[in-house]
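First comes the structure, then the notes that go with it.
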Amino acid sequence: DVESTWLLLFSLDLRVRMDVAVDVTHAGAARGEVMHMINAGSFRFVGADGDAAPMVVLDARDGAHDVAQLIVEGVRTAATFVHAVKPVLVNVGPLTGGEAVTAVR
């Protein structure tokens, strides 16, 4: 019994190879087909005629496509500046593995 306005059919976990080019568009990154979709009343509304339907991809481009493109961004360092009215000790650990530098004035 579905009570929601959406239904998760599947999810993907993507892993980026270390040798992939960064900051460029990789066309044809993923494609797929839906073989069958059947509702609760056993009505087959995709694949009813025996043909699979291409998956629909919503990526950075406008509109829906049947082949995905992917842009892999290079690792960038992010920083945050925070000012406190009173001196505060903060637990700081950079994600880059570098040393944490803190000061209380």
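The values are calculated or read from the model by the stated rules, or taken from the named source; none is laboratory data. Just so we're clear, the structure is a prediction, and the values are computed from it rather than from any experiment. Only protein heavy atoms, including side chains, enter the accessible area calculation; ligands, DNA and RNA are left aside. Shrake-Rupley method; radii C 1.70, N 1.55, O 1.52, S 1.80 Å.
For this structure, a couple of remarks:
- Whichever residue in the stretch 36-57 is of a type in the set (A, V, I, L, M) and over 30 Å from residue 16 (Cα atoms) and, among such residues, is least open to solvent (accessible area, probe 1.4 Å): 46
- Being part of a loop (DSSP other than H, G, I, E, B), over 30 Å from residue 97 (Cα atoms) and open to solvent by 100 Å² or more (accessible area, probe 1.4 Å) is a property that does not hold for residue 60.
- Residue match in the stretch 24-47 (condition: at pLDDT 85 or above and of a type in the set (Val, Ile, Thr)): yes
- Residue within the stretch 63-78 that is within 30 Å of residue 94 (Cα to Cα), in a loop (DSSP other than H, G, I, E, B) and acidic (Asp, Glu) present: yes
- Matching residues, the stretch 18-35, being open to solvent by less than 100 Å² (accessible area, probe 1.4 Å) and farther than 13 Å from residue 72 by Cα: 28, 30, 32, 34
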